[in-house]
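Encoded as structure tokens, the structure appears first; notes follow it.
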Amino acid sequence: MASPTTTGAGGNPEYLGVETRLLDGDLVGFKVAMTGASSAEDVERYARCAAAQYALIRGYGFARHIRTLTDQNGGVWTADAVYTISPALPRGLRTIDAEVTVADCGVSGIPTV
């Protein structure tokens, strides 16, 4: 599996920012963009890092992935991801522990919100 900190089509990854939008209650959308990704998985990880940090900022400890749409255009990868955030571990298989995920993102060199 490729890591965005070690591989990428353009060399080193460049993280181009996060746009966060509250969709409804605990449902939050994240739009992220980056260059130097080796696959859609790299930009999906960037969105997951943003979601985890957002959950912590709002005083929540967990998030659950709803969906992520990715695209590549001219070397720029984008992701449009939706997560729910919650104070307790949500039901479902695609949950993340926000604190653990943010720590992992820091070690991997992936910025958060």
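Taken together, the residues in the stretch 8-43 that are open to solvent by 60 Å² or more (accessible area, probe 1.4 Å) and either aromatic (Phe, Trp, Tyr) or in contact (Cβ under 8 Å) with a residue 40 or more places away in the chain (or both) amount to 7.
Confirm whether Arg91 is buried (at least 21 other Cβ atoms within 10 Å of the Cβ), basic (Lys, Arg) and on the phi < 0 side of the Ramachandran plot. Criteria not met by Arg91. Could you tell me whether any residue of the stretch 103-110 is part of a strand (DSSP E or B) and open to solvent by less than 40 Å² (accessible area, probe 1.4 Å)? The answer is no; no qualifying residue exists.
Of the residues making up the stretch 89-102, those that are touching a helix residue (DSSP H, G or I) at 6+ places or on another chain (Cβ under 9 Å) and of a type in the set (A, V, I, L, M) are Ile96, Ala98, Val100, Val102. Cβ-Cβ distances below 7 Å connect no pair with a first residue in the stretch 91-108 that is farther than 15 Å from Tyr60 by Cβ, a second residue that is outside any helix (DSSP H, G or I) and open to solvent by 90 Å² or more (accessible area, probe 1.4 Å), and a separation of six or more residues or different chains. Is it the case that some residue within the stretch 12-24 is among the small types (Gly, Ala, Ser) and either over 15 Å from the mean Cα position of the chain (by Cα) or at pLDDT below 95 (or both)? No, the stretch 12-24 has no match at all.
Scan the stretch 44-85 residue by residue and report those that are among the hydroxyl-bearing types (Ser, Thr, Tyr), farther than 11 Å from Val28 by Cα, touching a residue at least 40 places away in the same chain (Cβ under 8 Å) and not in a helix (DSSP H, G or I).
Thr78
For the stretch 69-88, filtering for residues that are crowded, with 19+ Cβ neighbours inside 10 Å, in contact with a helix residue (DSSP H, G or I) (Cβ under 6 Å, 6 or more places away or on another chain) and not aromatic (Phe, Trp, Tyr) leaves 3.
In the condition set (1) open to solvent by 10 Å² or more (accessible area, probe 1.4 Å); (2) farther than 27 Å from Gly75 by Cβ, Ala55 is compliant with all but (1).
The values are calculated or read from the model by the stated rules, or taken from the named source; none is laboratory data. The structure displayed is predicted, hence computed values, not measured ones. Here the Cβ is made from the backbone with ideal geometry for all residues, glycine too, and neighbour counts use every protein chain on show. Side chains included, ligands, DNA and RNA excluded: accessible areas come from the protein's heavy atoms. Shrake-Rupley method; radii C 1.70, N 1.55, O 1.52, S 1.80 Å.
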